[in-house]
Amino acid sequence: QVQLVESGGGLVQPGGSLRLSCVVSGSIFRILDMAWYRHAPGKQRELVTTITSGGSTNYANSVKGRFTISRDNAKNTVYLQMNSLKPEDTAVYYCNAHVGIYGSSYWGQGTLVTVSS
């Protein structure tokens with residue numbers, strides 16, 4: 001019923017920038033908190049950043065000052081602007097959203113970000 005689709009990943013050099021997008025579609029009553037996670041090889045899944053329906057944000061210490069999360073409620077879309085990228089940012093990035101009457105959790109399929117020279 002509810003689907004999340006990420007896009008915008010790719011290969012970028014250290015110091016470069018990328019913007020990820022995540023579009024929520026399907027049976028949507030409301031979208032509450034949204035978040036970006038990432039999963040790098042050999043490491044645990046990491047919560048990168050969150051944003052509430054009211055626009056309040058939180059960031060992992062590893063990305064503070066470099067990443068910015070935002071949302072466009074009219075488009076059911078959340079964005080992740082990534083600047084000053086480092087090789088350690090390399091990971092599959094996943095979008096998460098709490099949707100509907102019960103705030104059920106949904107995940108996107110992931111988009112790969114590779115930071116390398």
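The values are calculated or read from the model by the stated rules, or taken from the named source; none is laboratory data. On a predicted model such as this, the values are computed, not experimentally measured, just so you know. Positions of Cβ are generated from backbone atoms using ideal geometry, with glycine treated the same way; all protein chains shown enter the neighbour counts.
On the given criteria, is residue 6 among the acidic types (Asp, Glu) and touching a Gly at 6+ places or on another chain (Cβ under 7 Å)?
On the way: among the acidic types (Asp, Glu): yes; touching a Gly at 6+ places or on another chain (Cβ under 7 Å): yes.
Criteria met by residue 6.
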Test result for residue 62, assigned to a loop (DSSP other than H, G, I, E, B) and either in contact with a strand residue (DSSP E or B) (Cβ under 7 Å, 6 or more places away or on another chain) or of a type outside the set (Val, Ile, Thr) (or both): yes
Filter result (crowded, with 18+ Cβ neighbours inside 10 Å and closer than 11 Å to residue 48 by Cβ) within segment 60-79: 63, 67, 69
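Out of curiosity, is residue 87 loosely packed, with under 12 Cβ neighbours inside 10 Å, touching a residue at least 24 places away in the same chain (Cβ under 8 Å) and touching a strand residue (DSSP E or B) at 6+ places or on another chain (Cβ under 9 Å)? Reasoning before the result, please.
Numbers: loosely packed, with under 12 Cβ neighbours inside 10 Å: yes; touching a residue at least 24 places away in the same chain (Cβ under 8 Å): yes; touching a strand residue (DSSP E or B) at 6+ places or on another chain (Cβ under 9 Å): yes.
Taking the combined requirement at face value, the residue satisfies it.
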Top-ranked residue of segment 26-44 - restricted to ones that are surrounded by 12 or more Cβ atoms within 10 Å (Cβ to Cβ) and of a type outside the set (A, V, I, L, M), ranked as nearest to the chain's Cα centre (by Cα): 36
Check on residue 5, under 14 Å from the mean Cα position of the chain (by Cα), at pLDDT 95 or above and buried (at least 16 other Cβ atoms within 10 Å of the Cβ): no
Near pairs, Cβ below 7 angstrom, 6+ apart or cross-chain, from segment 93-107 (without any contact (Cβ under 8 Å) to a residue 24 or more places away in the chain) to any residue that is among the polar types (S, T, N, Q): 105/96
